[in-house]
Amino acid sequence: MTQLSLTRATALILCAAGAACDSAVVNSPSAFAQRPRSALASKTAEDAPVLAIGHRGASGYAPEHTFASYDRAIQLGADYIEQDLQLTKDGVLVVLHDPTLDRTTRGPAENCKGLVIEKTLAQIKTCDAGSWFNAAFPQFARPEYVGQQVPTLEEVFQRYLHSQNYYIETKNPEDAPGMEEKLLALLDKYDLRGNAVRRNQVLIQSFSNASLRKVHGLDPELPLIQLFTGIPSASIRAQLDDVKTYAVGIGPSGVSVDTALVNAAHARCLDIHPYTINTAAQMQALIDVGVDGMFTNFLDVLTGLLAKDKAVGKQGAKLAADQHKTCVSGT
């Protein structure tokens, strides 16, 4: 997912009444601040706690999608750690955001430049996935980041197994036939599919509804999240009746979130997890409007805001799963 710009100009939203505000697209935290408190769909004591989702791990402090980033996210209290999936030339699921290796790896050009799907796993394992971060963010640089590798999804499961919750995205699935089947096979191998169904230990997200529908066809009980780009709230709301037939939630860009979207999602028993929220003001605005969780590069900021309302351990996922089942059943 693309990071919400921290330099976006603050939007001024003047509200004559709460109903007028509900249709506004949120472009900054200050947009929420213009709204009467009564117009907000705030979470209540009966709701599951807001989930802190480590965007590519703790990617504000460590090189994204490396064990250094995941370990740091866990230390900072992540309810979920996120994995973006790419498929190698020899059919292995690796954890990398971009379809190419160029941005986040360094090494021999024949191995570490170009499309992931055109490289074997052996080639990708020669690449340094941490040095770029030290150069790009010297204030957070650490010597141990040098030499970090691109992990396979299987290596992630082997390292953390049942101790963590996973938020997995199928990236470019149209260019990687069989990605969904390989993902489900790994969930089975590491005994995670049942926990995904029972307590949301694994959430599967994608911008591709075809990919999500394919997963739904393979296993209708798996919890799925439909991602959306930064389109207006109304455009997302128009699709929710369809989304609820295969997903348990939506992942809009933070710029799309308004009260109307939160209310529409919740009315259909869909959770809402916006991305990528990196300032305390943005986080608090979204907490106030009633979202169920959010992706962030800076988990310590979010967990600090949640404080005593933060889920204990990894229980937030289970509480969210239970709340969804209760909503769907109408009890």
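Readers should treat all values here as calculations from the given coordinates under stated rules, not as data from a laboratory. What you see is a predicted model; the values in this text were computed from it and never measured. Neighbour counts run over all protein chains shown; Cβ positions are idealised from the backbone, glycine included.
With unit charges on the beta carbons (Lys and Arg positive, Asp and Glu negative) and the dipole taken about the Cα centre of the chain, which residue among 212, 187, 326 sits farthest to the positive side?
Highest projection toward the positive end goes to 326.
Of all DSSP beta bridges in the chain, what percent run antiparallel (nearest 5)?
Bridges in the chain are about 20 percent antiparallel.
Could you list the GluC sites (Glu not before Pro) in the range 178-240 that lie in coil according to DSSP, counting only those with at most 11 other Cβ atoms within 10 Å of their Cβ?
Answer in residue order: 221.
Around residue 90, under 14 Å between beta carbons, what's the net of Lys plus Arg minus Asp minus Glu among the other residues?
Taking every Cβ under 14 Å from that of residue 90, the sum is +2.
Whole-Hz Karplus ³J(HN,Hα) for the range 127-140, in order, using 6.51 cos²θ - 1.76 cosθ + 1.60 and θ = phi - 60°, x for Gly and Pro?
Rounded to whole hertz, the list is 8, 8, 9, x, 4, 4, 5, 4, 6, 6, 10, x, 5, 10.
Output the peptides 184-197, 93-106, 76-89 sorted from most to least packed, where packing is the average of other Cβ atoms within 10 Å over each peptide's residues.
On the way: 184-197: 16.8, 93-106: 21.1, 76-89: 23.9.
The densest-packed peptide leads the list: 76-89, 93-106, 184-197.
Sorted by packing (mean other beta-carbon atoms within 10 Å per residue), highest first, where do 201-207, 307-313, 151-157 land?
The peptides rank, most packed first, as 201-207, 151-157, 307-313.
How much net charge surrounds residue 160 when only other residues with a Cβ under 12 Å from its Cβ are counted (Lys, Arg +1; Asp, Glu -1)?
-1
Treat every Asp and Glu Cβ in the chain as -1 and every Lys and Arg Cβ as +1, leave all other atoms uncharged, and give the resulting dipole magnitude about the Cα centre to the nearest 20 debye.
Computed charge dipole of the chain: roughly 400 debye.
Given points 7 Å out from each Cα along the Cα-Cβ axis, report the residue 115 to residue 146 separation in nanometres with one decimal.
Each label point lies 7 Å from its Cα, and together they span 3.4 nm.
Relative to the first principal axis of the alpha-carbon coordinates of the chain, what is the inclination of helix 315-329, with its axis defined by its Cα atoms, in degrees from 0 to 90 and to the nearest 10?
50
Within 10 Å, count the other beta carbons around each residue, average over each peptide in 167-177, 251-261, 117-127, and list them highest first.
251-261, 167-177, 117-127
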